[in-house]
Amino acid sequence: MNEIIIIGGGLTGLSCAVKLIENNIKASDITIYEARQEIGSPTRSPGIAIYSKNTEFIFNKIKMQKLTLENLEENIISFRREWLEKSILISLTKKGCNINLKSKITDKELNEFFKIENITVINCAGNKKKSSGFPADYTDFMNTKNKIISFNYSNSVKWYGYLSTNNNEFKNEEKHISINKKDGLNETWVCKDKIENIKFKAIEIMKSTYPPKSELILANNTIDRGFFLANKATK
């Protein structure tokens, strides 16, 4: 395997790159394509995770500061998602990984990729394939090319997240998760078609599409997905 193209520079793509390097792929052979002008901003995903072996691995690699309150009984950690993604990105670039920002991959470019011998394309865009730069009709490539690695995503619904100065009660329910952080902010995510009056008390509002269960939207699942794709690409 000589070259790996990762489509999508969110936490899935970044975690995938970290695991590829751990699996003895040279950082200089990895290129991440991201449609946004800045990785880590804007934030569209929770800064909340269930503590696991993979999340511990990522946090130890980049020495990320956790914002979890010490008296929280459940096995959940909190952090600023944009800090996590930016810290991983800095670590990857220092190792020699290639990052292409504001780069949407077209069907024509995908065809050009597949003309190159020993190249693997990993789709880390997932349900956000349009915003992350992956062609909307990429399924044609998945069906005809054996060089593309992807993941089967669950059906998605709308989720709204917000950071506020409210001191809310901790919740970890199927369609509602809320956690207070050490920095004095509360992060809440709710599965609804729309939310009312949040803009008047929130300092940051986020919106995205995820599976309809809170346990599936947390960052540990995103990290696990990136590791899974990396292992699949290098097995």
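Give all pairs with beta carbons closer than 6 Å in which a residue from the range 101-116 that is assigned by TED's automatic domain parsing to the domain that holds Leu89 meets a residue that is of a type in the set (Ser, Thr, Tyr); count only pairs at least 6 apart in sequence or on separate chains.
Pairs that qualify, where the first residue is assigned by TED's automatic domain parsing to the domain that holds Leu89 and the partner is of a type in the set (Ser, Thr, Tyr), are Ser103/Tyr33; Ile105/Tyr33.
Could you figure out which of (1) loosely packed, with under 15 Cβ neighbours inside 10 Å; (2) assigned to a helix (DSSP H, G or I) isn't true of Glu74?
(2)
Here's the yes/no breakdown for (1) over 13 Å from Ala49 (Cβ atoms); (2) modelled with pLDDT of 90 or more:
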residue: Asn166; (1), (2): yes, no
residue: Ser178; (1), (2): yes, yes
residue: Trp189; (1), (2): no, yes
residue: Lys192; (1), (2): yes, no
residue: Lys199; (1), (2): yes, no
residue: Ala202; (1), (2): yes, no
residue: Thr209; (1), (2): yes, no
residue: Glu215; (1), (2): no, no
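All but one of (1) among the small types (Gly, Ala, Ser); (2) within 30 Å of Ile21 (Cβ to Cβ); (3) without any contact (Cβ under 8 Å) to a residue 24 or more places away in the chain hold for Ser178; state the number of the condition that does not hold.
All conditions pass for Ser178, except number (2).
Suppose the filter is touching a residue at least 12 places away in the same chain (Cβ under 8 Å) and under 15 Å from the mean Cα position of the chain (by Cα); does Leu185 pass it?
For Leu185, the condition - touching a residue at least 12 places away in the same chain (Cβ under 8 Å) and under 15 Å from the mean Cα position of the chain (by Cα) - is not met.
State all residues of the range 184-235 that are part of a loop (DSSP other than H, G, I, E, B) and surrounded by fewer than 19 Cβ atoms within 10 Å (Cβ to Cβ); if no residue qualifies, say none.
Scanning the range 184-235 gives Gly184, Lys192, Asp193, Lys194, Ile195, Glu196, Asn197, Lys201, Pro211, Pro212, Lys213, Lys235.
Tally up the residues in the range 75-90 that are touching a helix residue (DSSP H, G or I) at 6+ places or on another chain (Cβ under 9 Å) and either closer than 15 Å to Thr12 by Cα or of a type in the set (Asp, Glu) (or both), please.
6
So which residues in the range 25-71 are out of contact with any strand residue (DSSP E or B) (no Cβ under 8 Å at 6 or more places or on another chain), touching a residue at least 40 places away in the same chain (Cβ under 8 Å) and assigned to a loop (DSSP other than H, G, I, E, B), if there are any at all?
Within the range 25-71, Lys26, Ala35, Arg36, Gln37, Glu38, Gly40, Ser41, Ser52 qualify.
What is the residue count in the range 101-118 for residues that are surrounded by 14 or more Cβ atoms within 10 Å (Cβ to Cβ) and within 13 Å of Ile4 (Cβ to Cβ)?
So the count comes out to 1.
The values are calculated or read from the model by the stated rules, or taken from the named source; none is laboratory data. Quick caveat, the model's predicted, so the values are computed rather than measured. All Cβ positions, glycine included, derive from the backbone under ideal geometry; neighbour counts span all protein chains shown.
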